[in-house]
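Worksheet: one structure, shown below.
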Amino acid sequence: NDSLGHSLGDEVLKLVAARLRETVRASDTVARLGGDEFTVIAEGQRDRQDVEALALKLLLALGQPYRIQEHRLQLSASVGITLYPKDGTTPEILLRNADAAMYLAKRQGKNAYRFFAPELDEHLDERVLLEQTLRQAIERQEFRLHYQPQVDAVSGCPVGVEALLRWPNTDQDLQPGDFIPLLEDSGLITRLTAWILGESFRTLARWHAEGLAGLRLAVNLSALQLLHADLEPLRRELLAESVLAPTAIEIEITEGTLLEADRGRSIAEQLGRLGVRLAIDDFGTGYSSLVQLRRYAVDTLKIDRCFVRDIEADRDSALITSAVIALARRLEIATVAKGIETLE
């Protein structure tokens with residue numbers, strides 16, 4: 001809806017509904033509760049395995065590409081499951097608990113299903129309230145960007161900055177690790193994409209004009225932002241407005257995003273067309289292959305702080321960090337070490 005318009009979003013909902021109806025049995029019920037949430041009532045299931053098989057069929061059906069007008073969309077779904085009467089004896093309780101299980105599936109990687117467990121219920125009210133507060137914060141333009149410097153280890157000169165999303169909320173003591181995952185899970189993060197890029201581009205242009213011409217800007221965007229925002233016209237408009245070269249911009253994606261073959265390829269190709277640099281965040285915490293670093297023309301590896309902070313005390317962390325730097329140099333890839341806080 002945010003990037004391609006509500007009419008196209010409505011067409012997606014119609015196709016999703018049709019796929020759901022085609023996948024379930026004639027005796028099952030399919031309903032749209034609102035927004036992008038659908039419910040399936042499957043009666044007469046013999047055991048948990050039957051329900052799991054149905055969930056997998058639904059995920060497979062919804063994961064197939066959607067062709068609408070000139071667009072080819074790749075979407076994923078998250079499924080929360082409740083069983084009657086174990087997880088509730090009224091429709092209201094069953095739906096509420098299925099919602100909690102669905103949020104768990106989204107938090108743990110999306111495109112997955114999860115069964116309800118009693119401990120999930122404790123956090124649902126808190127989560128719903130926070131999501132409502134985040135929606136209001138976006139409408140009130142309460143978010144801010146802070147900029148963390150990237151410094152050349154030899155010269156000591158600043159070579160770049162990373163834009164960090166912050167929410168100076170006075171009512172709640174919330175850290176980015178608390179609200180950013182919820183922004184991504186709920187899809188609200190896409191409503192901030194244009195603002196994040198526009199605000200950070202204008203700030204960098206101002207710093208260039210003030211004499212920091214070589215400074216580069218790194219912006220961490222989620223897979224959701226990259227796949228569901230029309231970045232090409234936005235990038236052209238913002239670069240023209242701010243008089244920045246594309247190479248002054250570096251888009252960071254996580255190692256996990258790169259590992260998802262179709263998604264990683266799509267994102268890398270889009271960034272290549274934009275002419276901006278590509279950085280891999282939290283390198284070393286996943287299972288990236290060396291082939292991917294060359295295939296996707298990676299410009300920068302960001303070494304995760306879990307290795308950097310233990311360099312002095314832990315021999316293995318020092319060896320791993322040294323090996324990553326040496327490998328990157330051979331591949332002509334820059335390295336950024338996260339979490340450096342002391343001279344040593």
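List the residue pairs whose Cβ atoms are under 9 Å apart, where the first residue sits in region 311-322 and is closer than 17 Å to Leu343 by Cβ and touching a residue at least 12 places away in the same chain (Cβ under 8 Å), the second is of a type outside the set (Asp, Glu) and in a helix (DSSP H, G or I), and the two are 6 or more positions apart or on different chains.
Glu312/Ala318; Thr321/Phe307; Thr321/Val308
I'd like to verify a number: residues in region 149-173 that are open to solvent by 40 Å² or more (accessible area, probe 1.4 Å) and under 20 Å from the mean Cα position of the chain (by Cα), how many?
Residues meeting the conditions: 1.
Provide a single number: the residues in region 297-325 that are farther than 18 Å from Gly160 by Cα and in contact with a helix residue (DSSP H, G or I) (Cβ under 6 Å, 6 or more places away or on another chain).
Looking only at that region, the number is 6.
Taking the options Leu60, Leu54, name whichever one is among the hydrophobic types (A, V, I, L, M, F, W, C), open to solvent by 90 Å² or more (accessible area, probe 1.4 Å) and under 24 Å from Leu15 (Cα atoms).
Unique residue meeting the criteria: Leu60.
What single numbered condition from (1) assigned to a loop (DSSP other than H, G, I, E, B); (2) farther than 30 Å from Ile267 by Cα; (3) open to solvent by 30 Å² or more (accessible area, probe 1.4 Å) fails to hold for Arg96?
Failing condition for Arg96: (1).
Leu83 - would you say it is within 17 Å of Phe116 (Cβ to Cβ) and buried (at least 16 other Cβ atoms within 10 Å of the Cβ)?
yes
Given the condition open to solvent by 30 Å² or more (accessible area, probe 1.4 Å), more than 30 Å from Arg216 (Cα to Cα), aromatic (Phe, Trp, Tyr) and not in a strand (DSSP E or B), answer yes or no: does some residue in region 107-126 qualify?
Taking every residue of region 107-126 in turn, none turns out to be open to solvent by 30 Å² or more (accessible area, probe 1.4 Å), more than 30 Å from Arg216 (Cα to Cα), aromatic (Phe, Trp, Tyr) and not in a strand (DSSP E or B).
Give Ile267, Ile280 a once-over and let me know the one that is β-branched (Val, Ile, Thr) and at pLDDT 85 or above.
Ile280 is the lone residue from the list that is β-branched (Val, Ile, Thr) and at pLDDT 85 or above.
Could you go through region 287-302 and let me know if any residue there is at pLDDT 90 or above and not charged (D, E, K, R).
yes
Does Ala53 qualify as being among the hydrophobic types (A, V, I, L, M, F, W, C), farther than 15 Å from Tyr113 by Cα and free of Cβ contacts under 8 Å to residues at least 12 places away in the same chain?
no
If you take the residues of region 307-344 that are in a helix (DSSP H, G or I) and touching a Ser or Thr at 6+ places or on another chain (Cβ under 7 Å), which of them is nearest to Glu250 (Cα to Cα)?
Ala328
Could you check region 1-47 and list, in sequence order, the residues that are modelled with pLDDT of 90 or more, over 22 Å from Glu70 (Cβ atoms) and of a type in the set (Lys, Arg)?
Hits for region 1-47 are Arg21, Arg25, Arg32.
Among the residues of region 146-163, write down those that are in a strand (DSSP E or B) and either in contact with a Lys or Arg (Cβ under 7 Å, 6 or more places away or on another chain) or free of Cβ contacts under 8 Å to residues at least 40 places away in the same chain (or both).
Result: His146, Gln148, Pro149, Val151, Val159, Gly160.
The values are calculated or read from the model by the stated rules, or taken from the named source; none is laboratory data. Remember, predicted model here, so these are calculated numbers, not experimental data. With ideal geometry, Cβ positions are generated from the backbone for all residues, glycine too; neighbour counts draw on all protein chains shown. The area values use the complete protein model at the heavy-atom level, side chains included, leaving out ligands, DNA and RNA. Shrake-Rupley method; radii C 1.70, N 1.55, O 1.52, S 1.80 Å.
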